[in-house]
Amino acid sequence: MNTLDFSFAPIAAILCFAVYFWLLWKFPTGIVFIGFTTYGIAWTTFGGFNYARIVFFLQLASAAYFTFQVLKTKGTERLFQFLTSKYSFFLWFIVLVWIKVAFDLLYFGLDDFRVSALKIAAQTIFLPWIVFFIAAVGTDPWRFASGIMIGMVAFALAFVLPTVPGMIMEGRLLSAVFGIDRLTIYNMDTIGGGRFFFMGAVGSLALLTGGGLRRVWVVSLTVLCGTFFLLLLLNGTRQFIIGTIIATLMCSYSLFRTRGLLRFAVFAVAASVIGYFAYGIFQSAEVGERFSGEDLSRELAVSRGAIWSRALDAGLAKPFVGEGFRRFGDVVMTPSQTGEEDLVADLSGAHGFFQDIWAEHGAVWGGVGFVIFLFSIRHMLKRVRVEEHSVIWALYAVLIAMVVPLFMSGSIYSSGAMYLFASSMYIAFAKHKMDLAQ
């Protein structure tokens, strides 16, 4: 139990509100990440209203504001052009899956698992997605990309910074360093806590790659990137570590092509220093065991591998309808995030975004969705030359890094990064229109 984290949770909520309003003024696409912060501190109250409810109404007001802004400009024309182009295929696929979910709800009714999933989707998917998408239509591609990266770092800092006293005073940081336990925050599971370390590391890395920064920001972001990555190693969530490595490779390629050999060498030296400390943590902390051959074999044999095998059979047995929304998986007991000791029941699901669709909605839905996703990746990268658009390339590194973990742990109602990816196809569309105009 991370008791001190709960004591400092109101400070985290206030910082997140401050970040939200600053981004709303300067970089509106960055506000999409406030939905993620409701996972750990939703219960924090201000004047009788909990944090999650306040965030919900803030997003609702923002959606109304951005809708008005788009309607009074030519945004509706751009929106229609995007929605009728090949760049929106993946977005339309997700919409169709949710229509299928609606039919499942009518047929099977509501239970605790489905109600909980819909609440999570409302706070972290529906409203953030709508706000982000509408804001994106009225924003130029470079400001759009910068907003996402700045939002990742700002919300990660606001959310994680108040937990530092608890990490130190409760000995959780040292316990993680010596491999006794894995580091997490606000009593969340390791995936929930690791998400913010991952956001901070990848967002800082992408901002460094985009360029155009003063030296003080370069140094600050390098320190932030290294710190968040080391915290992520102490957290030990494999899919986030793999995503960060993929982002690092893409950003390294961009720096080599756009900043010259000298700056790439400086980046390589900084990465080596961080890598030195990372290697020490890898040797002593639990993350080393997480990547051992024995642990990975066990994961494939009796954990995720077994779940994916069952999901495969479920989707093939009912290829067009699947098991139904929130009807696949084992009932598991997870710690409550309200600061109490009690456990709450949850459904494990298929441990993966496309696996979840495959099992709950059928093999046809899962297979078609994956093909459309690959098609979207191809068209996204096809429209960007790293030498000319380093900021947009950095954004794509972020998006790809964020969707990679969803192949190992994700669902249709909680995988915000996949919705971010679908909406960000607007950037590829806008770039295509610019190329045609030239």
Quick one: order MET250, MET402 by neighbouring beta-carbon count within 10 Å, fewest to most. MET250, MET402
Lysines near LYS119 by alpha-carbon distance under 22 Å, same-chain residues fewer than 8 away left out - which ones? LYS100
Sort 43-55, 147-159, 310-322, 346-358 by the packing proxy (mean of other Cβ within 10 Å over each peptide's residues), most packed first. 147-159, 346-358, 310-322, 43-55
Compute the Rg to Rh ratio over the range 3-437 from the alpha carbon atoms, using the Kirkwood formula for Rh, and round to two decimal places. 0.95
Computed label-point distance, nm, for sites VAL223 and SER303 using a 7 Å Cα→Cβ extension: 3.5
Note the full-extension length gain between ASP346 and ARG257 as 0.36 nm times their separation in residues minus their Cα-Cα distance, in nm to one decimal. 27.3 nm
With charges only on Cβ, +1 for K and R and -1 for D and E, what is the dipole size of the range 3-437 about its Cα centre, in debye, rounded to 20? 1880
Can you run the Rg to Rh ratio on the range 144-248? Use alpha carbon positions and the Kirkwood inverse-distance Rh. 0.98
Here, SER85 and LYS382, labelled 7 Å along Cα→Cβ, have an inter-label distance in nm of 1.3
Model label zone, ASP111; criterion: amide N under 12 Å from point 7 Å along Cα-to-beta-carbon; scope the range 175-218: none
Neighbourhood charge, 15 Å Cβ-Cβ cut-off, centred on GLY151 and excluding it, Lys, Arg +1 and Asp, Glu -1: +3
If I model a spin label at PHE178 and VAL371 as a point 7 Å from the Cα along the Cα→Cβ vector, what separation in nanometres do I get? 5.6
Mean separation of Cα pairs under 8 Å and 6+ residues apart, divided by the residue count of the range 3-437: what relative contact order is that in percent? 22
For LYS86, counting only lysines whose alpha-carbon sits under 18 Å away and dropping same-chain residues fewer than eight positions off, the answer is LYS382, LYS431, LYS433
Most packed first (mean Cβ within 10 Å per residue), the peptides 216-223, 29-36 order as 29-36, 216-223
FRET efficiency for ILE245 and TRP25, using Cβ-Cβ distance with R0 set to 35 Å, rounded to 0.05: 0.55
Find the centroid of the Cα atoms in the range 124-197 and in the range 1-70, then give the distance between the two in whole Å. 12
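Computed from the coordinates by the stated procedures, all read-outs in this text should not be read as laboratory data. Just so it is clear, the model here is predicted, and its values are computed rather than measured. Positions of Cβ are backbone-derived with ideal geometry, glycine not excepted, and every protein chain shown enters the neighbour counts.
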